[in-house]
Amino acid sequence: MLTQIHIRDLATIEELTLNLVNGTTMITGETGAGKSVFIEAIEIALGGRASSNLIRPGKEKAEISLCFDITAFSQVVNKLKELDLDQDMDCIIRRIITSDGRSRCYVNGSPATVQLIKELGELLFHLHGQYDQQILLKADTQRDVLDKFADHLPLALQVKHLAETWKSCTQQIKNLQNKSQEKIERSHYLQFQLDELSQLNLKSDEWTQLEKEHKQLAHAEELLKNIHNALLPFSNEDDRNIISLLNEIRKNLENSQTVEPKSIGWLSTLNSNIISLQDLESDLQNYLEKTEINPEKLSAIEEKISQIFNLARKHKIQPEELYEYKIHLADQLDELNSSDDELRELENKRINIENEYQLYANKLSLSRKKAAQKLSKEMTETIRSLSLPHGEFSIELVNEIDKDNLSLYGNERILFLIKTNPDQSLQPLNKVISGGELSRLSLAAHLALAHQTSIPTLIFDEVDTGLSGATAEKIGKLLRKLGESYQVFCITHQAQVAACGHNHLLVEKYFVAKVTYTRLRILSLDEKTNEIARMLGGETITQKTLAHAEEILAQSS
């Protein structure tokens, strides 16, 4: 989720730092106050088009920083770890736009490309604007939505794995068929490398174990001393050790049971702690007995670590990759030395993979068909409640079986269809849907997938435009419900929608010496009531509009 945004010298914002929380945050303000600058700043920071025209007049550069808490989002964590950019559980993205039209990007303090922050942005943030063609129009997204809703991702992954295995097997067959006279020279070179690695007799995960043992042996004396000292309070000979003291406490509590019933609970807690401490004493004693100072073993481990480092440096890989690299070389050598028998084996293997693939792909098709009917019904009901009374949503499974090239995604292409008027026929989304309708459909999809959260932060830009008060209230409550699973921001002009937010962000424009400024601030409950009243009644807020605002707020929670 987005925890903080900092903006400096962007458009009408001089400097702004906002600390943000989870849930649904409604964004309001008078027309022209600059509500769009909040969205624009996030889009720019995440790789959107950056123009020097956005820099505040008289300034040399504009700067935007976003801080995301990625604790629950393994895709982002893994991506940053792959690039050696991980920093605790935060992802800090910073972009600077200079007056010459250039920009610089940083991820967790390290320089980064625009492409990288775009990739991270796709995992962290989705904008659902009224007039933008959004990601829901993409075929891959439509397939992912259905598969997540069906909760059969393991099955889909199995199909993908089999297709990848089939492709790999096919490539191996081609490689065997295209062998050249260079095979023998290559084979000798690989054998030399493999022999050198085999002398280490390195086992899987041995590097991790060696590091662990080296650390323990190098600090064995200090470790044993600490463990010994930790055991002293358990073994005082004057019967005043930890356990005897706790037993005295237990006696006193037992004597108090007849007078104070709470003693029973206290005794239970105490007994649990005594057992835990006794277990701890036993574990420490066993550890002390089994751990020894062994300089000979330490020397042997250091020698092997040195050998591993030297070979890893030679092959330009990390030490922990050496075992897998050896397997990789062995695989290459086996491939070069294979005979026609191997080719026949591979061809038979490919046939078996095709049969297994089709078995799982058929199961996936059946699951998709069942889920498509259920999701179509759910989304139709939702969009009809959002001022599309004649809307109908349907999912078509288009058969695309190709035995010459197994698809990573099964036997069919997923196609989302919609009609918004009773006299229309169902058509693909990108042919008939408007920006506002797409935003509401996106809202319906995210509600259906709320139990399968994948993108932490969603922004809806005026999805309530043109709706009546009753429908606006419905969409507001749906957005509030969505905020239970996602971090949601919604720009709105509707008081009924704004009242449904867990939080409220006000955008204000003001002038100092004929210079325009924009500020954003989180409202308190009283301030929120006044803002809802302003949205209902205009600049003049009366007791009647305040009462109406309080009533709407009471009904929205």
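The values are calculated or read from the model by the stated rules, or taken from the named source; none is laboratory data. Just so we're clear, the structure is a prediction, and the values are computed from it rather than from any experiment. Cβ coordinates were reconstructed from backbone atoms using ideal geometry, including for glycine residues, and neighbour counts include every protein chain displayed.
Computed values, structure above
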quantity	calculated
Check on residue 3, of a type outside the set (Phe, Trp, Tyr), touching a Phe, Trp or Tyr at 6+ places or on another chain (Cβ under 8 Å) and over 22 Å from residue 508 (Cβ atoms)	yes
Qualifying residue in segment 144-158 (condition: at pLDDT 85 or above, at positive phi and touching a helix residue (DSSP H, G or I) at 6+ places or on another chain (Cβ under 8 Å))	yes
Every pair of residues 6+ apart whose Cβ atoms lie under 6 Å, when the first sits in segment 395-412 and is over 23 Å from residue 374 (Cα atoms) while the second is small (Gly, Ala, Ser) and modelled with pLDDT of 90 or more	406/163; 408/163
Yes/no for residue 335 being of a type in the set (D, E, K, R) and closer than 30 Å to residue 198 by Cα	yes
Counted residues, segment 20-35 - those being among the polar types (S, T, N, Q) and more than 20 Å from residue 500 (Cα to Cα)	1
Flag if residue 479 is more than 19 Å from residue 122 (Cβ to Cβ), in contact with a strand residue (DSSP E or B) (Cβ under 9 Å, 6 or more places away or on another chain), buried (at least 21 other Cβ atoms within 10 Å of the Cβ) and modelled with pLDDT of 70 or more	yes
Unique match (being at pLDDT 90 or above, in contact with a helix residue (DSSP H, G or I) (Cβ under 8 Å, 6 or more places away or on another chain), farther than 30 Å from residue 167 by Cα and of a type in the set (A, V, I, L, M, F, W, C)) among 429, 417, 406	417
Residue that is in contact with a Gly (Cβ under 6 Å, 6 or more places away or on another chain) and in contact (Cβ under 8 Å) with a residue 24 or more places away in the chain, where the choices are 383, 308, 301, 353	383
Residue within segment 1-9 that is β-branched (Val, Ile, Thr) and touching a helix residue (DSSP H, G or I) at 6+ places or on another chain (Cβ under 9 Å) present	yes
Residues satisfying the stated conditions in segment 196-239, i.e. modelled with pLDDT of 70 or more and not in a helix (DSSP H, G or I)	199, 200, 201, 202, 203, 204, 205, 235
Candidates 533, 495 - the one that is crowded, with 22+ Cβ neighbours inside 10 Å and in contact (Cβ under 8 Å) with a residue 40 or more places away in the chain	495
Contacts under 9 angstrom Cβ, first residue in segment 23-45 being closer than 12 Å to residue 12 by Cβ and in contact (Cβ under 8 Å) with a residue 24 or more places away in the chain, partner assigned to a loop (DSSP other than H, G, I, E, B) and hydroxyl-bearing (Ser, Thr, Tyr), 6 or more apart	34/12; 37/12
Among (1) among the acidic types (Asp, Glu); (2) surrounded by 14 or more Cβ atoms within 10 Å (Cβ to Cβ); (3) within 18 Å of residue 11 (Cβ to Cβ) - the single one residue 69 does not satisfy	(3)
